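Please read the structure below before turning to the comments.
The values are calculated or read from the model by the stated rules, or taken from the named source; none is laboratory data. Keep in mind the model is a prediction, meaning the values are calculated, not measured. Counting neighbours? That spans all protein chains shown, and the Cβs are built from the backbone with ideal geometry, glycine included. Ligands, DNA and RNA are stripped out before the accessible areas are found, and what is left, the full protein with its side chains, is counted by its heavy atoms. Shrake-Rupley method; radii C 1.70, N 1.55, O 1.52, S 1.80 Å.
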Amino acid sequence: MTRKNNFHIILIALLTALLCSCSTTRRVPADDYLYIGTAPLKYEGAQGAKAVPDDIRLGIEEAVAVEPNNYWSLVGWRYPFPLGLWAYNNWPNDKGGLRGWLYNTFATDPVLISSVRPEARTRMIEQQLANNGFFRASASFELEHQKNPRKVKVYYTINPGPAYNISSVELPADSTHLIHLIDSIAARDPYLQPGNRFATDSLEFVRNRITNSLRDLGYYFFRPEYIKYQADSVAHPGQVALRMRLDSDIPQYASAQYITGHTTVTVNRYRGRQTPDTTELRSDLTLIQMLPSKLRKQLIAECVTFRQGRTFAVRNMNRTQNYLSRTGIFRQVSIAVSPDSTASRPTLNLNVNCTFEAPLTASIEVNAASKSNSYLGPGIILGLTHNNLFGGGEQLSINLNGAYEWQTGGGRGIFNSYEAGLTTTLSIPRLLAPNFIPRSTRRVQSWTRFQIGADLLNRPHYFKMAQFNASMTYDWRWRRHVSNSFTPFKLTYTKLMNTTPEFDEVMAENPAVAQSFENQFIPQMIYSYTYDRQFSPSNALNFQLTLQEAGNIFWGIWELAGSKGEKHLFGTPFSQFVKANAQVVWNHRLMPGHNIVSRLAIGAAEAYGNSSQVPYAEQFYVGGANSVRGFTVRSIGPGSFRRNTDDPNAYFDQTGTFRFEANVEYRMQLSGALYGALFLDAGNVWLLHRDEARPGGTLSAGNFLRDLATGTGLGLRFDMGMLVVRGDLGIALHAPYDTGHSGYFNLPSFGKSLAFHLAIGYPF
């Protein structure tokens with residue numbers, strides 16, 4: 001059979017399917033109907049849908065949500081071309097060849113009303129409402145036949161009736177220590193209070209909360225099912241009298257309160273033959289280390305939080321496991337308990353089993369690097385890490401990286417560059433610090449990091465720059481949602497190795513920018529504070545604050561030594577400035593797969609003393625893939641300043657010492673790992689001091705709103721969990737500079753307002 005004949009057969013088959021729309025029900029059984037969807041739920045009663053809380057209504061909607069054929073879940077309606085049903089009815093699968101292939105490729109089994117089972121779903125609705133205090137609720141359904149009588153739509157009607165509230169709560173009689181604890185925990189529970197709506201889910205939550213509290217008070221073997229409820233809705237019409245009681249058949253071991261006994265920690269090698277070596281770390285702690293292996297034994301004592309004779313608490317199991325896992329030297333950590341039959345009191349001994357991770361790991365990573373300045377390109381990272389250098393979880397990492405980059409978002413290709421660097425980091429899982437950090441944070445989840453590195457950046461047509469840096473950093477947490485990073489010392493040296501005449505011309509035209517590119521040392525002290533909290537399943541907040549200072553300590557030492565004027569370090573001036581940067585991101589989930597994410601960012605930098613300008617690398621810029629996406633990187637600002645658009649060297653002028661940005665983005669799940677986004681961005685940078693070469697660039701309250709560049713747009717994201725590939729099409733709405741057009745929407749044309757950005761990761 002020729003390709004031409006194949007094409008004709010496929011075309012005829014498709015035309016036949018389109019002409020035979022009624023055939024979508026031809027193979028529906030005589031005693032069944034084709035389901036085409038569910039109408040919006042109808043609530044009856046005095047208050048209608050308002051009588052039912054939002055979370056319960058959402059659960060009911062999920063209970064009746066059955067997608068019909070040719071349904072587009074993104075927008076919630078059926079598309080009008082049921083190709084799958086036509087294929088099912090017209091291309092039988094009992095033949096091979098082309099017709100069989102067409103069936104297997106396109107056919108979709110019909111969704112029948114018998115598989116939807118609306119009568120069962122009405123019972124589910126009634127049960128959901130009854131579980132949440134609506135004891136008199138009723139639900140019914142009707143089938144509405146369409147023009148084709150074999151097709152039906154389902155209409156559900158719900159009458160929730162009144163909600164029953166808790167009238168009284170009776171706790172078990174206080175006869176034993178166990179019951180006394182249960183009563184005291186339950187009495188403080190916010191749900192077990194008269195006036196609250198009766199809900200079985202809340203009662204189950206209370207049982208689990210009481211059980212977790214008891215297991216932290218020594219009752220390790222207690223289980224939620226030992227707590228029973230009795231609900232009386234007859235004594236007080238419209239209300240529920242609630243009674244809590246304990247199961248009469250609780251095993252004796254489950255009602256016993258245990259204390260902590262002896263702890264044994266066994267550390268196994270990664271692989272190979274093992275010879276045990278036993279050490280008594282404490283009177284209640286034994287270490288069995290399989291040799292040959294490297295281990296700082298005191299690390300185990302620091303991680304194990306159990307103490308003999310104290311009340312046994314499950315939280316100590318979790319803490320011990322977390323502390324051991326966070327050292328990074330164990331691939332597996334498990335904890336088992338066993339009753340001590342020789343003890344006079346109920347006692348639990350513990351056996352902690354750890355297995356070493358491979359001591360050396362090597363990695364070769366080929367990736368697409370995306371930076372905040374809209375540079376994108378292939379890169380390679382060669383890494384070698386020793387996970388346990390001195391036996392205490394110390395990590396030594398050596399990374400060699402190289403990358404070739406070009407600017408996205410309509411940027412100028414002449415800025416394509418390459419970069420190579422070598423970084424060595426020693427990370428120690430404890431704080432080698434004075435007592436200015438609270439002792440409660442000086443555990444193995446805290447880190448001290450030493451780093452040295454060198455980078456070479458080459459921008460063809462402009463400059464080649466080398467940068468060397470060395471730093472020491474403390475990372476720690478003092479609360480569950482708060483993390484801190486403090487760098488008491490970081491020294492960076494930047495040197496322009498060579499420049500081009502084009503670059504020199506730019507620097508000659510703008511002395512302020514030229515000063516920011518001077519060879520210099522940057523001695524810094526940096527502190528970062530991060531507050532990251534999930535307030536509810538629907539709301540999350542992330543706040544970051546970074547404070548930097550450079551050169552002040554060195555300047556003070558030089559002043560005390562009698563040095564006047566410009567001060568030098570190894571014959572080169574050092575920078576002196578302060579810088580602050582803050583960002584808050586709020587994530588609100590509208591429904592599963594649909595989020596509103598907003599960001600507000602502000603920053604300022606000020607040079608003084610030994611410097612007249614903030615180093616170029618420390619200045620702010622906007623535009624690009626992670627900023628105001630209607631504009632390319634560094635294409636706006638400072639303020640209303642605008643250099644000749646035909647001058648490719650204008651790039652270097654578009655920075656400032658004050659930054660403000662605001663963004664809001666609606667993210668929606670389209671299908672699987674594919675997400676879409678609609679966004680609105682605003683922002684700019686300004687100068688804190690007047691620069692004659694950049695008129696209009698100074699921060700001014702009167703011009704602040706007019707100087708804000710704004711843009712909107714849409715994007716697609718492929719979220720694979722560990723990697724997010726993002727494409728955003730930005731549309732500029734307002735440019736802060738003079739475009740020759742009046743009004744707020746002052747872009748010359750729609751085509752010139754577009755900017756496309758390809759990036760890795762979410763913008764915020």
When residues of the range 258-299 are limited to those that are of a type in the set (Asp, Glu) and in a strand (DSSP E or B), the one most open to solvent (accessible area, probe 1.4 Å): GLU280
Failed item in (1) farther than 30 Å from ILE596 by Cα; (2) at pLDDT 90 or above, with GLN654 passing the rest: (2)
Residue within the range 309-317 that is buried (at least 17 other Cβ atoms within 10 Å of the Cβ), over 21 Å from ARG223 (Cβ atoms), of a type outside the set (Gly, Ala, Ser) and out of contact with any helix residue (DSSP H, G or I) (no Cβ under 9 Å at 6 or more places or on another chain) present: no
Some residue of the range 151-159 being outside any strand (DSSP E or B) and either open to solvent by 20 Å² or more (accessible area, probe 1.4 Å) or modelled with pLDDT of 95 or more (or both): no
Filtered residues of the range 232-254 (kept if in contact with a Lys or Arg (Cβ under 8 Å, 6 or more places away or on another chain) and in contact (Cβ under 8 Å) with a residue 12 or more places away in the chain): MET244, ARG245, LEU246, ASP247, ALA254
Condition broken by SER255, with the remaining ones in (1) within 30 Å of GLY309 (Cβ to Cβ); (2) of a type in the set (Ser, Thr, Tyr); (3) within 40 Å of the chain's Cα centre (by Cα) satisfied: (3)
Matching residues, the range 487-512, being in contact (Cβ under 8 Å) with a residue 60 or more places away in the chain and either open to solvent by 60 Å² or more (accessible area, probe 1.4 Å) or of a type in the set (S, T, N, Q) (or both): THR494, GLU502, GLU505, GLU509, ASN510, PRO511
Positions within the range 324-353 being hydroxyl-bearing (Ser, Thr, Tyr), surrounded by 14 or more Cβ atoms within 10 Å (Cβ to Cβ) and within 22 Å of LYS294 (Cβ to Cβ), in sequence order: SER325, THR327
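Let's see how each residue does on (1) closer than 28 Å to SER427 by Cβ; (2) assigned to a strand (DSSP E or B); (3) touching a His at 6+ places or on another chain (Cβ under 6 Å):
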{"site": "ASN458", "(1), (2), (3)": "no, yes, no"}
{"site": "HIS461", "(1), (2), (3)": "no, no, no"}
{"site": "THR487", "(1), (2), (3)": "yes, yes, no"}
{"site": "THR530", "(1), (2), (3)": "yes, yes, no"}
Residues located in the range 130-140, provided they are crowded, with 17+ Cβ neighbours inside 10 Å and in contact with a strand residue (DSSP E or B) (Cβ under 8 Å, 6 or more places away or on another chain): ASN132, GLY133, ALA137, ALA139
Of all residues in the range 545-583 being charged (D, E, K, R) and part of a strand (DSSP E or B), the one that is farthest from ALA662 (Cα to Cα): GLU549
Index of the failed condition, GLU61 passing every other in (1) open to solvent by 20 Å² or more (accessible area, probe 1.4 Å); (2) in contact with a helix residue (DSSP H, G or I) (Cβ under 8 Å, 6 or more places away or on another chain); (3) under 28 Å from ARG589 (Cα atoms): (2)
Hits in the range 489-528 - residues which are assigned to a loop (DSSP other than H, G, I, E, B) and touching a strand residue (DSSP E or B) at 6+ places or on another chain (Cβ under 9 Å): THR500, PHE517, GLU518, ASN519
